[in-house]
Amino acid sequence: MPATSFSSFIYHGRSVLAPRESWAGQNGVRSRMRLTIFSRLVTGYIAIFSLVILVSVYAVLRLHQVNTGTRQILNIDNRILDYEEKLADSTLSQLRYEKKYALTRDILLYEQVLSAKADFNKFLSELFLIADTPKKKDSLTKIQTHYQHFESLIEKEIEHVRGNHTYSKSWYNQEMEKASDGILKELKGLEIQSRHDIQQRMNMLQESSASARKLVITISAIAIFLVIVTSLLNTRSITRPLKILMEKTKEISRGVFDDNLNIPSPPEISEVTGAFNSMCRRLKMVDKMKSDFISSMSHELRTPLTSIKEGISLLGVGVGGAIPEKQKRLLTILSQESKRLIDLVNSLLDLSKMEAGMMTYAFEPGNLAPLIERAATEMIPLVEAKKITLKTKVDEKLPVIKIDREKILQVLRNLIGNAVKFTPEGGRVSIAARFVNRGVEVSVSDTGPGITAENLTTIFEKFHQANLKNSDHIKGTGLGLAIVKHVITAHGGKVWAESEPGHGSSFIFVLAI
């Protein structure tokens with residue numbers, strides 16, 4: 001390879017570093033702008049944890065409110081109802097014992113009156129302490145007023161009884177009945193207020209519990225939704241770039257070194273993406289260097305190889321003088337090997353042009369039938385030598401399509417030549433052409449050893465050959481199928497292989513009308 005080529009390569013090798021440094025700077029900025037995977041996970045978990053804390057705090061507050069309402073019902077309203085019953089019993093007890101005392105003048109009955117009076121004052125004092133609303137306190141004040149009047153009537157009647165004074169018992173009884181009725185009436189009103197307050201508190205607790213339940217369910221549903229969404233987003237932000245990188249890696253294994261990979265992703269994966277692009281640029285550079293080297297060497301080798309071949313041919317016809325039969329056989333072998341080297345060089349040059357996009361095609365309307373017939377006819381000597389059965393099946397009315405005749409003929413020669421070469425003696429090679437889905441499908445099938453599944457995906461790559469066991473064929477250069485793929489692709493068609501080990505192979509290409 002000329003020195004200028006190597007210097008150019010070294011220059012390009014240095015120039016690659018600048019974009020990488022630029023990428024590193026830009027990637028640093030992007031890394032600072034985007035959240036890392038750890039930051040995303042922590043942010044998501046903090047948001048979920050905050051919602052859980054919010055729900056818990058709200059539930060605790062609601063429980064505290066329920067406990068407060070329950071305590072108010074137990075410690076205030078229920079006690080008021082209990083004291084209300086005790087006050088009513090005390091009032092009726094005083095009235096009953098006082099009347100009995102007035103009739104019997106039994107000192108024990110008088111003591112019962114005093115005991116009931118003490119109980120009434122005690123219960124009323126405790127009620128004043130626990131009354132929690134102005135209405136209740138007002139009712140207690142009225143009860144106290146009625147009771148004072150009731151108590152004064154009892155004391156006056158007892159004084160009259162002790163002093164043996166004459167007094168109107170009916171009037172005292174009527175007045176005490178009125179006073180006691182007033183006390184009992186106010187106690188009944190106090191009971192109604194307490195029961196009303198209990199009902200209100202119960203309704204409030206019920207509404208509070210219902211609203212708390214709804215809010216807890218809503219926030220819990222939101223929390224679950226956020227957990228799912230956060231998990232999906234975080235998982236997708238990791239798996240999607242990895243999937244793209246995996247697909248890109250497969251492309252690299254097929255020899256595609258595009259360095260345009262740009263994945264919106266966390267900084268960690270962005271750094272991997274940048275390194276991946278840098279690797280692709282270097283691989284592309286190495287691949288280009290290899291192609292340039294092969295092209296240059298092929299170009300430089302073609303002239304001396306042609307001269308060697310011509311010289312061998314001249315020697316073979318006796319230009320340099322008569323030569324023995326043994327030397328003629330040796331010159332024949334040298335001539336064949338020279339031709340093989342020239343064919344290899346020509347294939348390398350053609351492939352280099354195709355890869356560089358410099359191959360010219362002369363497209364014109366044509367029919368594939370005569371090209372198939374011509375390529376098959378050229379293989380007859382090889383077919384007869386190996387005693388192979390060669391069959392062609394071409395539809396009579398194949399459509400006319402735009403093709404480069406020489407290039408398609410080259411494709412047919414490669415495919416049929418490979419089929420004949422890999423088919424053992426006594427085998428079969430079949431060539432078929434038919435009209436399918438607005439296109440022409442051509443298939444070349446053989447009864448050779450077949451191709452393994454892993455080789456089917458790489459068989460069309462340059463310098464690649466299937467590793468066939470129990471095969472005694474002469475291996476080629478691995479360029480024929482690569483040229484076939486380039487030619488068919490340039491015609492806008494598709495080419496693929498179908499095979500099973502031990503059951504032969506079929507190479508198929510389709511050209512659109």
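The values are calculated or read from the model by the stated rules, or taken from the named source; none is laboratory data. If you're wondering where the values come from, they're calculated on a predicted model, not measured in any experiment. Cβ coordinates were reconstructed from backbone atoms using ideal geometry, including for glycine residues, and neighbour counts include every protein chain displayed.
Tabulated data for the structure shown
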| item | result |
| --- | --- |
| Residues within the range 502-513 that are loosely packed, with under 15 Cβ neighbours inside 10 Å and either touching a Ser or Thr at 6+ places or on another chain (Cβ under 9 Å) or hydroxyl-bearing (S, T, Y) (or both), tallied | 1 |
| Search result, residues across the range 379-392 that are part of a helix (DSSP H, G or I) and either free of Cβ contacts under 8 Å to residues at least 40 places away in the same chain or loosely packed, with under 14 Cβ neighbours inside 10 Å (or both) | I380, P381, L382, E384, A385 |
| All positions within the range 480-496 that are surrounded by fewer than 19 Cβ atoms within 10 Å (Cβ to Cβ) and either under 37 Å from the mean Cα position of the chain (by Cα) or modelled with pLDDT under 90 (or both) | T489, G492, K494, W496 |
| Subset tally (residues that are touching a helix residue (DSSP H, G or I) at 6+ places or on another chain (Cβ under 7 Å) and exposed (fewer than 13 other Cβ atoms within 10 Å of the Cβ)) for the range 53-69 | 0 |
| Scope the range 81-114; condition among the polar types (S, T, N, Q) and in contact with a helix residue (DSSP H, G or I) (Cβ under 6 Å, 6 or more places away or on another chain); matching residues | S90, T91, S93, Q94, Q112 |
| Which listed residue is outside any helix (DSSP H, G or I), among the acidic types (D, E) and at pLDDT 90 or above, from E461, E425 | E425 |
| Hits in the range 394-409 (condition: surrounded by fewer than 18 Cβ atoms within 10 Å (Cβ to Cβ) and in a helix (DSSP H, G or I)) | R405, E406 |
| Matching entry among S180, S170, S237, S270 (being closer than 30 Å to L92 by Cα, of a type in the set (G, A, S) and touching a Ser or Thr at 6+ places or on another chain (Cβ under 7 Å)) | S180 |
| Enumeration of residues in the range 189-203 that are touching a residue at least 40 places away in the same chain (Cβ under 8 Å) and out of contact with any helix residue (DSSP H, G or I) (no Cβ under 7 Å at 6 or more places or on another chain) | R195, M202 |
| Restricting the range 234-252 to residues that are within 25 Å of S39 (Cβ to Cβ) and of a type outside the set (A, V, I, L, M), the residue that is surrounded by the most Cβ atoms within 10 Å (Cβ to Cβ) | P241 |
| Options L63, L87: the member that is among the aliphatic types (A, V, I, L, M) and either more than 23 Å from I130 (Cα to Cα) or not assigned by TED's automatic domain parsing to the domain that holds S125 (or both) | L63 |
| Options A376, A362; residue that is outside any helix (DSSP H, G or I) and farther than 21 Å from F460 by Cα | A362 |
| Residue among L349, L341, L315, L334 that alone is within 49 Å of the chain's Cα centre (by Cα), more than 24 Å from I508 (Cα to Cα) and outside the structural domain of I459 (by TED's automatic domain parsing) | L349 |
| Matching residues in the range 134-165 - criterion: being touching a Phe, Trp or Tyr at 6+ places or on another chain (Cβ under 8 Å) and among the hydrophobic types (A, V, I, L, M, F, W, C) | L140, L153, I158, V161 |
